[in-house]
Each structure stands twice: as C-alpha cells, then as structure tokens.
C-alpha cells in the first residue's frame, strides 16, 4: 500500500496487494477491540459530577463514535473493487476519528505506547507485535491526514 | 418581603458566578498536532496559545484550558470528548 497527498488536497491510497485490504479492514476490527463504552469511560474518567453527563452526553458520544466507524466501513466497502482511492477533507474527519478509536482500543488492551525501541519489538509475542505495528500504521495514516488534508 | 427577595437574588448571583475550569488530561494516543488543532478549533485560541497548552498537557499531564461559567464549560468538555480528548470540569477554588 502506498499513501500520498495530491495537489488538490486529498490523500491518495494505492492498493498494491490483497493484504492491504486486510490491513484497512483491521481498523474496523480494532475499533471494537475495546468498546465504545470503554472509550466514553476513558474520556470522562476525571469528571466528578457524572449524572448529567451519563444522561445527556454519553448517548450522543456513543452515536458519534459509532457513526465514524460506520462511515469508514461504508467507504471501504464501496472502494473495494478499486486499486486507488482518495480521502478528501470531509472524509478525513471520520477516517481520523476511526483510526483514533482503534489506537485507543489497542492501547487499552496492549499498552503499546510503552514500547520504545526496535529491540523491544523483536522480543514481543506475535499478538503484541502485531498490535504495535497496527497502531504505528494507524498513527502514520493519521499523521498524513493531519499534515496534508486536515491542516 | 422586599428584603428577603434581595437576599435571595444576591445568593443566586454569587452561586452562578462561581467560575468553573475546563481541564484536559494527557493520554498516550492523541497526536500532539491534533491536540493543538482541537484547542484552536474548540477555544478559538491562536496557534501559539494552543501549542502552549498542548505542551503543558504532554509534559505535566494536564492543562487548565479555560475558566468561566458552568454552562459554557460543559459545552467545551462535551466538544473535547467528541474529539476524543480526556477532559473534565471543576469548580475554581
């Protein structure tokens, strides 16, 4: 897979092999590795008065986060027969949000942010190494979206 | 009667004018440029001020982003949660 910004302000994704789709589908899978309830708990964990937040804010947040994942899944499903597709400024918002959900979920389950050196990666169990590499891939995609599309 | 009303109004004014603080906490996932961008968007801060608060979150674990009335603080916290930033509000001491 290759990803590069275009002159007209979009991110071009070039699919080079079938496994690239697997990597992209894992964004959806990883977003529910934790779950949306956990994400809302994480975001609000420092709130002291929670009742109003639980009653009025949480339902909207859950709907919003769920919508980001649904939009990304729809986008991927509709792009699946193409070798090249583009993420525009509008799409970048839900792509970024979905990637963030996936990274937060992976962090909750694997604490990959504690891994700092390449030597450490080689010593990891396969599941942990895979989670770390996926998190890095998602982070790199987010970096491209931020720098070239959402700026 | 008139005196009683006056006292009540004074108490309400004192209660509603207690400032509230919006605080953002560090997490290991959100990218620093993203956090800066969210602070610019939510609080309309200039880039330098947004970067200052982002750095404070990153280095100190949290930053006080805004102080003011409760209703507005609640809206800010809701917006920050929507952007997946860990945020809270508390009464100013």
task: Please list, ordered by first then second residue, the pairs with beta carbon atoms under 6 Å, 6 or more apart or interchain, first in the stretch B:27-43 and facing another protein chain (nearest Cβ under 10 Å) and free of Cβ contacts under 8 Å to residues at least 60 places away in the same chain, second surrounded by fewer than 17 Cβ atoms within 10 Å (Cβ to Cβ) and part of a helix (DSSP H, G or I).
output: B:28/A:113
- prompt: Quick check, is residue A:131 within 11 Å of chain B (Cβ to nearest Cβ), in contact (Cβ under 8 Å) with a residue 12 or more places away in the chain and outside any loop (DSSP other than H, G, I, E, B)?
  reply: no
- line: Counted residues in the stretch B:44-71 being in contact (Cβ under 8 Å) with a residue 24 or more places away in the chain, over 28 Å from residue A:107 (Cα atoms) and away from chain A (no Cβ under 14 Å) come to 4
- line: Per the filter on the stretch A:46-82, residues under 24 Å from the mean Cα position of the chain (by Cα) and surrounded by fewer than 15 Cβ atoms within 10 Å (Cβ to Cβ) are A:59, A:60, A:63, A:66, A:67, A:70, A:74, A:77, A:78, A:80, A:81, A:82
- prompt: Filter the stretch A:65-86 for residues that are touching a helix residue (DSSP H, G or I) at 6+ places or on another chain (Cβ under 6 Å) and within 14 Å of chain B (Cβ to nearest Cβ); which is nearest to residue B:24 (Cα to Cα)?
  reply: A:65
- prompt: residue A:46 passes all but one of (1) within 30 Å of residue B:77 (Cβ to Cβ); (2) without any contact (Cβ under 8 Å) to a residue 24 or more places away in the chain; (3) assigned to a helix (DSSP H, G or I); which number fails?
  reply: (3)
statement: The residue that is farthest from the other protein chains (Cβ to nearest Cβ), considering only those in the stretch B:76-93 that are assigned to a helix (DSSP H, G or I) and touching a residue at least 12 places away in the same chain (Cβ under 8 Å), is B:76
query: Got a number for residues in the stretch A:98-114 being farther than 10 Å from residue A:27 by Cβ, buried (at least 19 other Cβ atoms within 10 Å of the Cβ) and at the interface with chain B (Cβ under 7 Å from one of its Cβ atoms)?
result: 3
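Quick note: the coordinates plus some simple rules give every number you see, no bench work behind them. It should be emphasised that the depicted structure is a prediction, and the values quoted were computed from it without experimental measurement. Don't worry about glycine lacking a Cβ; one is built from the backbone with ideal geometry, like all the others, and counts go over all protein chains shown.
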